[in-house]
Amino acid sequence: MSRMTPSQDDRYRQATAQFGAALERLARAFEADPDLRLDLLQDIHLALWRSFAGYEDRCALRTWVYRVAHNVTASHVAARRRVHFAAAASLDELAEAAGDDDPERSVGDQQALDRLLAAIRALKPPDAQVMLLYLEDIDAAGISDITGLSPGAVATRISRAKALLARRFQTGGAR
């Protein structure tokens, strides 16, 4: 009996069930403006759905999903830099942190997250992508598969970016 190949829709549903939250975090990390973040996330989902028409199980589903998301975010960042549009975190994003029992801690946590994301956004796009994948707990080999960089180059970028981010947090600035 032959094994039935999952459809494009089935693969998309499986991918979004497994990696939907990670894709949202990725979009949030690359785009501070809530409306543009939604646009980016929609672009990622559309590209992902389209990509499953040609997916042949030659790599892990996770690798495929992140590779597609990487390509879409890289294009998004390049387009945004051409326009020279700099978005800051909005009050709406801070309000998303509401609901914690300690509002001051919640706002402080949100501000720390906003500072981290601003610092990551200030990195060059390939370095930002590597750091975001690292923060998603993907190992150097997985990041290598997704980005096309060698595992050694991935490890070097992670090390350098961590040192840079630590310095920026110690001095209190994201830029």
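The values are calculated or read from the model by the stated rules, or taken from the named source; none is laboratory data. Because the structure is predicted, anything quoted here is derived from the model rather than measured. Glycine gets a Cβ as well: all are built from the backbone with ideal geometry, and neighbour counts include every protein chain shown.
Residue check: is Thr147 touching a His at 6+ places or on another chain (Cβ under 9 Å) and over 19 Å from Glu24 (Cβ atoms)? Yes; evaluated as a whole, the condition is true for this residue. Can you tell which of Ala47, Ala60, Ala53, Ala79 is small (Gly, Ala, Ser) and under 16 Å from the mean Cα position of the chain (by Cα)? Residue meeting the stated conditions: Ala47. Cβ-Cβ contacts under 8 Å between residues 6 or more apart (or on different chains), taken from a first residue in the stretch 115-132 that is under 15 Å from Arg28 (Cα atoms) and among the polar types (S, T, N, Q) to a second residue that is modelled with pLDDT of 85 or more and surrounded by fewer than 21 Cβ atoms within 10 Å (Cβ to Cβ), are listed as Gln129/Thr147. Picking from residues in the stretch 133-145 that are aliphatic (A, V, I, L, M) and at pLDDT 85 or above, the one that is surrounded by the most Cβ atoms within 10 Å (Cβ to Cβ) is Ile143.
Taking the stretch 1-52 as the range and being of a type in the set (A, V, I, L, M, F, W, C), crowded, with 18+ Cβ neighbours inside 10 Å and assigned to a helix (DSSP H, G or I) as the test, the residues that pass are Ala15, Phe19, Ala22, Leu23, Leu26, Ala27, Ala29, Phe30, Leu40, Leu41, Ile44, Leu48. Scanning the stretch 146-171 for residues that are buried (at least 18 other Cβ atoms within 10 Å of the Cβ) and under 17 Å from Ala69 (Cα atoms) yields Ile146, Thr147, Leu149.
Within the stretch 118-149, the set of residues being assigned to a loop (DSSP other than H, G, I, E, B) and more than 18 Å from Ala74 (Cα to Cα) comprises Asp137, Ile138, Asp139.
All conditions but one from (1) part of a loop (DSSP other than H, G, I, E, B); (2) at pLDDT below 85; (3) not acidic (Asp, Glu) apply to Arg58; the one that does not is (2).
The C-beta contact set for the stretch 24-35 (first residue without any contact (Cβ under 8 Å) to a residue 60 or more places away in the chain, second residue small (Gly, Ala, Ser), distance under 6 angstrom, 6+ apart or interchain) comprises Asp33/Ala87.
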